[in-house]
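The values are calculated or read from the model by the stated rules, or taken from the named source; none is laboratory data. Please read all numbers here as calculations on a predicted model, not as lab measurements. Cβ coordinates were reconstructed from backbone atoms using ideal geometry, including for glycine residues, and neighbour counts include every protein chain displayed. Accessible surface is based on the protein model in full, side chains and every heavy atom, while ligands, DNA and RNA are left aside. Shrake-Rupley method; radii C 1.70, N 1.55, O 1.52, S 1.80 Å.
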Amino acid sequence: MRQPCETIFAAVGDVHGHHYEMVRLLEERESRIDSRIKFVLQVGDFEPHRYEADLESMAAPAKYRAVGDFPDFYSGEVAFPWPVYFIGGNHEPYGFLDTVTFSGQIAENCIYLGRAGHTELGGLKIVGLSGIFNGDKFSDAHPRVEDLLIRKKKDYTYFNKDDVDRAVEVGKADILMVHEWPSDIVAEADRGLFEQQRRSLRYDSIGNQYARILIELLSPRLVLCGHMHKKYRNQIRLRSGEVVDVCCLSSVHQGADSLAFFRIDEGGAISEISG
Ligand SMILES: [Zn+2]
């Protein structure tokens, strides 16, 4: 039974410019629960290209370069039905996103959390870290937007030490959003699910250690990840003994596995709604 004061929110995996499909999937799922979504958390590879020129600053093979649906949302022709908070992935128009300041709002009901950002929603503190890990670039500053023509596009897709430090400074969080999976989140018992999969060799080589350290330091109750285009759930135990729910989401083009719905009850507990 639904409680009167509970809050429902949704998490969404990689969108890759399919914003209409994201809305359609969310509305379809929302129609099956007796409640409205309060907000949506999106875990990167959102691809909010305003127009063709934004594709110039995205790292991606030519066949994946498409403007997608976002121009309609950017122009105000359509709006997301709920506030959508997103982080950056490794396929983003960083030439645009790195210029976003102030509230992070880039269209109606569409808010970028920044390279490392946080917000408070439904009484929860939510922290986001954009980008993926590259050990060779981790100590480097982000390349400047003015240098887009002379720098590799991929150089814009990595998070660095400053980003991680800023996320750590937020302190205790309720939800952590990352694009690339943290390391050591896959249970050995699930190793068979990861053989011959996209971007993975062995189940225990998946992910990056800095996202994992962030979990230890922020001790969120829930971690949301994208990037692998794979649905996966697990619970991990921190050194403190606390248990954290991990929710990895597939990509919107794969359908309903790209979504997760959660309920925040009156006491602030977060639980995933099945179905
Ligand atoms: Zn992706």
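Give just the number: which of (1) free of Cβ contacts under 8 Å to residues at least 60 places away in the same chain; (2) away from the ligand (no atom under 15 Å from the Cβ); (3) more than 21 Å from ASP257 (Cα to Cα); (4) not aliphatic (A, V, I, L, M) does TYR20 not satisfy?
Here TYR20 clears every test but (3).
Taking only pairs six or more apart or across chains, which ones have beta-carbon atoms under 8 Å, a first residue in segment 85-104 that is farther than 14 Å from PHE46 by Cα and outside any loop (DSSP other than H, G, I, E, B), and a second residue that is away from the ligand (no atom under 13 Å from the Cβ) and of a type in the set (Asp, Glu)?
GLY95/ASP54; GLY95/GLU56
(1) open to solvent by 90 Å² or more (accessible area, probe 1.4 Å); (2) modelled with pLDDT under 95; (3) in contact with an Asp or Glu (Cβ under 9 Å, 6 or more places away or on another chain); (4) closer than 23 Å to PHE138 by Cα: which one isn't true of GLN209, the others all being true?
Tallying (1) open to solvent by 90 Å² or more (accessible area, probe 1.4 Å); (2) modelled with pLDDT under 95; (3) in contact with an Asp or Glu (Cβ under 9 Å, 6 or more places away or on another chain); (4) closer than 23 Å to PHE138 by Cα, GLN209 fails exactly one: (2).
Of the residues SER240, SER274, SER251, SER219, which is of a type in the set (Ser, Thr, Tyr) and touching a Gly at 6+ places or on another chain (Cβ under 7 Å)?
Details: SER240 fails: touching a Gly at 6+ places or on another chain (Cβ under 7 Å); SER274 fails: touching a Gly at 6+ places or on another chain (Cβ under 7 Å); SER219 fails: touching a Gly at 6+ places or on another chain (Cβ under 7 Å).
After applying the criteria, what remains is SER251.
Are there any pairs with C-beta distances below 6 angstrom linking a residue in segment 138-163 that is exposed (fewer than 15 other Cβ atoms within 10 Å of the Cβ) to a residue that is of a type in the set (Ser, Thr, Tyr), with the two at least 6 apart or on different chains, and if so which?
Final answer for the pair search is LYS161/SER139.
Take the residues in segment 36-53 that are acidic (Asp, Glu) and surrounded by 22 or more Cβ atoms within 10 Å (Cβ to Cβ), then tell me which one is nearest to the ligand (Cβ to nearest atom).
Of segment 36-53, the ones acidic (Asp, Glu) are 45, 47, 52.
Imposing the further condition that a residue be surrounded by 22 or more Cβ atoms within 10 Å (Cβ to Cβ) reduces the set to 45, 47.
Numbers: ASP45: 4, GLU47: 9 Å.
Here the answer is ASP45.
Among the candidates GLY114, GLY88, GLY76, single out the residue that is in contact with a Leu (Cβ under 6 Å, 6 or more places away or on another chain) and either more than 16 Å from the ligand (Cβ to nearest atom) or open to solvent by less than 30 Å² (accessible area, probe 1.4 Å) (or both).
Going through GLY114, GLY88, GLY76 in turn, the sole match is GLY88.
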